[in-house]
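Student: The structure's right below; bear with me while I get my questions together.
Values in this text are rule-based calculations from the coordinates and carry no lab data. All figures in this text were calculated on a predicted structure; none of them were measured in a lab. In this analysis, Cβ positions are derived from the backbone assuming ideal geometry, glycine residues included, and neighbour counts consider all displayed protein chains.
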Amino acid sequence: MPRSDVGGGILSAAATFRRLDALQAVYARLENRIVVTIMGAVAAELQSIGHRPNFFYLQHAMGLASSMGLGIALSRPERQVVVFDGDGSILMNLGGLTTLARYRPRNLVHVVFDNESLLSVGGFPTATATGSDIAGIAAAAGVPRTATARTLDEFTRAFDEALAAGQLTTIVAKVEAVGPSAYVTGLSLLENRFEFQKYLNSTRAARAAES
Amino acid sequence: MPVSTANSRLIYDALKACGVRLVSALPETWLVHLMRMAEDDPEMILVRLAKEEEGVGISAGAHLAGVQSAMLMQNHGFLASINGIVSCAQLYRIPLLMLISYRGEFGERDPWQTEGGGVTEDLLRALRIPFSYLDNPDHVARRIAKGQTLAASSNKPVALLLCRDLMWEEAF
């Protein structure tokens with residue numbers, strides 16, 4: 001990928017795996033967890049693998065996927081929440097990492113797919129292409145567990161460890177700057193929103209009935 | 001510092017009566033008693049933010065997960081939240097309940113607040129967000145309840161402007 005704005009900055013190492021491969025590798029773990037993605041390639045790619053009613057795609061409001069995850073995690077402490085974020089998105093809400101760390105919900109795993117670019121608008125480099133380190137920022141913000149995964153194996157291991165750890169974790173997956181052929185999918189935004197709410201309410205009702 | 005504790009209590013009790021169990025907030029002078037009440041209440045989750053816009057995402061998540069929430073912010077915090085309000089709350093039909101302290105209006109002494117007052121209502125109208133004023137203790141509980149009712153039935157954001165006459169105890 002051309003790096004015309006590098007100047008004296010640090011060149012990142014070339015990525016060795018794709019976001020789609022990472023999602024495919026952990027897809028089975030998502031079955032009974034509450035999943036929120038940000039817009040763009042991650043939303044389209046997760047849908048291409050297979051949409052489920054426990055998946056919500058925040059198709060705008062960049063930066064707020066992690067905030068939504070926090071709201072859900074605080075509201076449903078008995079459930080595990082996974083947020084699939086992007087570098088462009090989290091860079092718009094770095095302050096949100098401090099809020100995440102302040103409340104450190106044990107049931108939240110925050111994955112940032114860092115392809116060092118804003119892909120869907122044409123592949124423009126973000127600041128992670130010139131040395132900004134999101135995992136480092138998250139750790140310094142106070143997020144108790146952080147990791148950077150540079151291979152598919154590192155990612156799946158870090159993801160499984162995060163699910164088992166029961167602590168707020170931010171995992172940065174350094175993925176290739178590739179994405180789907182289309183970003184608009186067949187699932188309407190509002191259909192997803194209402195179906196997701198129904199899913200969350202039905203599982204809450206089921207739990208209340210058991211107790 | 002003459003922020004009205006009594007009227008803050010009226011507002012807080014009205015939020016509880018509406019079923020609000022999570023409040024996201026960024027402190028400003030007029031909100032300090034409200035935030036303390038939320039902090040002291042074991043039945044309320046208070047989320048202190050770095051930037052008010054985060055509260056839109058938090059409320060959206062809470063709402064879909066079945067927990068009613070409210071945002072406490074200054075009108076400049078509302079300005080800082082606009083993209084989240086439009087492209088998360090409005091796009092996804094989230095019934096956001098926003099309590100906005102109305103700074104920069106008649107009686108404002110702080111020069112840095114004075115631009116925000118003039119644009120607050122125009123922005124709410126431009127975004128078609130229904131709003132009402134809380135400027136007298138007599139209507140606080142009723143207007144908060146009615147705001148919550150409208151938010152719930154429309155699945156859209158609603159705002160209540162906390163006015164100087166209600167929040168500030170000086171003579172003028």
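Student: Give me the inter-chain shielding for A:192-202: mean count of other chain Cβ atoms within 10 Å, whole number please.
Tutor: Average neighbour count from other chains, rounded to a whole number: 3.
Student: For the protein assembly as shown, taking Cα atoms only, what is the radius of gyration to one decimal and the Dmax to the nearest whole Å?
Tutor: Both quantities, over Cα of the protein assembly as shown: 21.4, 67 Å.
Student: Just need the relative contact order of chain B here, percent rounded to a whole number, with Cα pairs under 8 Å and 6+ apart.
Tutor: Answer for chain B is 26 percent.
Student: For A:A13 paired with A:R52, estimate the spin-label separation in nm (one decimal), with each label point 7 Å from Cα along the Cα-to-Cβ line.
Tutor: About 3.2 nm separates the two model spin labels.
Student: How many lysine pairs does the protein assembly as shown hold where the Cα atoms are under 30 Å apart and the two sit 8 or more places apart or on different chains?
Tutor: 11
Student: Right, next: Taking each pair of different alpha-carbon atoms in the stretch A:66-142 once, compute 1/r for the pair, average those values, and report the inverse of that mean as the Kirkwood hydrodynamic radius in Å to one decimal.
Tutor: So the Kirkwood estimate lands at 13.0 Å.
Student: Here's something else I'd like to know. Give me the distance in nm between label points sitting 7 Å out from Cα along the Cα-to-Cβ direction at B:N83 and A:A127, one decimal.
Tutor: For B:N83 paired with A:A127, the spin-label model returns 1.3 nm.
Student: Which part of the stretch B:4-30 falls in the paramagnetic zone of B:E43, meaning amide N under 15 Å from the point 7 Å along Cα-to-beta-carbon?
Tutor: B:10-23, by backbone N distance to the label point.
Student: If we count other beta carbons within 10 Å of each Cβ, what is the order of B:H33, B:H139, fewest first?
Tutor: Fewest to most other Cβ atoms nearby, the residues stand as B:H139, B:H33.
Student: What does the convex hull of the alpha-carbon atoms of the stretch B:95-139 project to on average, in nm²?
Tutor: Averaging across all directions leaves 4.0 nm² for the Cα convex hull.
Student: OK, next. Using a 10 Å cut-off around each Cβ, can you sort B:M98, B:M44 from fewest to most neighbouring Cβ atoms?
Tutor: Arranged by neighbour count, lowest to highest, B:M98, B:M44 become B:M44, B:M98.
Student: Return the distance in nm (one decimal) between the two label points of a simple spin-label model at A:L190 and B:R109, each offset 7 Å from Cα along Cα→Cβ.
Tutor: The two pseudo-label positions are separated by 4.9 nm.
Student: Can you give the Rg/Rh ratio of the stretch A:126-199, where Rg is from the C-alpha atoms and Rh is the Kirkwood radius?
Tutor: 1.08
Student: A further question follows. Restricting things to alpha carbons, tell me how big the stretch B:14-138 is in terms of Rg and Dmax, in Å.
Tutor: Using the Cα atoms of the stretch B:14-138, the pair Rg, Dmax is 14.2, 41 Å.
Student: To continue, here is another question. Taking the Cα centre of the stretch A:54-211 as the origin and placing charges on Cβ (Lys, Arg +1; Asp, Glu -1), which of A:A209, A:L64, A:P144 is farthest toward the positive end of the dipole?
Tutor: Looking along the dipole axis, the top candidate is A:A209.
Student: Could I ask something else about it? About its Cα centre, how strong a charge dipole does the stretch A:58-141 have in debye, to the nearest 20, once Lys and Arg get +1 and Asp and Glu get -1 at the Cβ?
Tutor: With Lys and Arg at +1 and Asp and Glu at -1, about 440 debye.
Student: Using θ = phi - 60° and the Karplus form 6.51 cos²θ - 1.76 cosθ + 1.60, what ³J(HN,Hα) does each residue of the stretch A:160-165 get, whole Hz, x for Gly and Pro?
Tutor: With coefficients 6.51, -1.76 and 1.60, one gets 5, 5, 5, 4, 7, 6 Hz.
Student: Right, something else. Going by C-beta contacts inside 10 Å, put A:S67, A:S181, B:S81, A:S117 in order with the fewest on the left.
Tutor: Fewest-to-most Cβ neighbours within 10 Å comes out as A:S181, A:S117, B:S81, A:S67.
Student: Normalised by the residues of chain A, what does the relative contact order come to in percent, with Cα pairs under 8 Å and at least six apart?
Tutor: About 26 percent, as a whole number.
Student: Something else about it: Can you give me the Rg/Rh ratio for the stretch A:1-121, using Cα atoms for both radii and the Kirkwood formula for Rh?
Tutor: Reported Rg/Rh (Cα atoms, Kirkwood Rh): 0.99.
Student: So what are the stretch B:103-172's ellipsoid semi-axes, whole angstrom, largest first, if each one is the square root of 5 times an eigenvalue of the alpha-carbon gyration tensor?
Tutor: Those come to 24, 17, 6 Å.
Student: Can you give me the Rg/Rh ratio for chain A, using Cα atoms for both radii and the Kirkwood formula for Rh?
Tutor: Looking at chain A, the ratio lands at 0.96.
Student: Of the listed peptides B:112-119, A:90-97, what is their order by residue-averaged count of other C-beta atoms within 10 Å, with the highest listed first?
Tutor: Result, highest mean first: A:90-97, B:112-119.
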